[in-house]
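The values are calculated or read from the model by the stated rules, or taken from the named source; none is laboratory data. Quick caveat: nothing in here was measured; it's all calculated off a predicted structure. As a convention, Cβ positions derive from the backbone with ideal geometry for all residues, glycine included, and neighbour counts pool all protein chains shown. Protein only, heavy atoms only, side chains kept; ligands, DNA and RNA dropped before computing areas. Shrake-Rupley method; radii C 1.70, N 1.55, O 1.52, S 1.80 Å.
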Amino acid sequence: MSEFLNDFIVGIDVSSEFSVVAMLEPNGSLIRKPFRIDHNPAGFNKLLGILKKEEERLK
């Protein structure tokens, strides 16, 4: 069985100036509404913080 079976899923729609991120729980439920991140250090730090928070919550 895959070791990634219980991981959450992140989808990123990339454009030139920003991206839209969607996140799903392992069972397919939406973790949060899709959100926008700008392509700058603040935007990427925002994404990193959200990913770390969700990883801890779902462990």
Using alpha carbon coordinates only, what is the Rg to Rh ratio of the chain, with Rh defined as the Kirkwood radius? 1.00
Averaged per residue, what accessible surface does the chain expose to a 1.4 Å probe, in Å²? 77
Taking the highest mean first, how do the peptides 29-36, 15-22 order by number of other beta carbon atoms within 10 angstrom per residue? 15-22, 29-36
Give the carbon-plus-sulfur fraction of the accessible surface of the chain in %, rounded to a whole number; probe 1.4 Å, heavy atoms of protein chains only. 55
By a straight-distance test (C-alpha under 18 Å), which lysines pair with K33 as possible cross-link partners, with residues fewer than eight away in the same chain excluded? K46, K52, K53
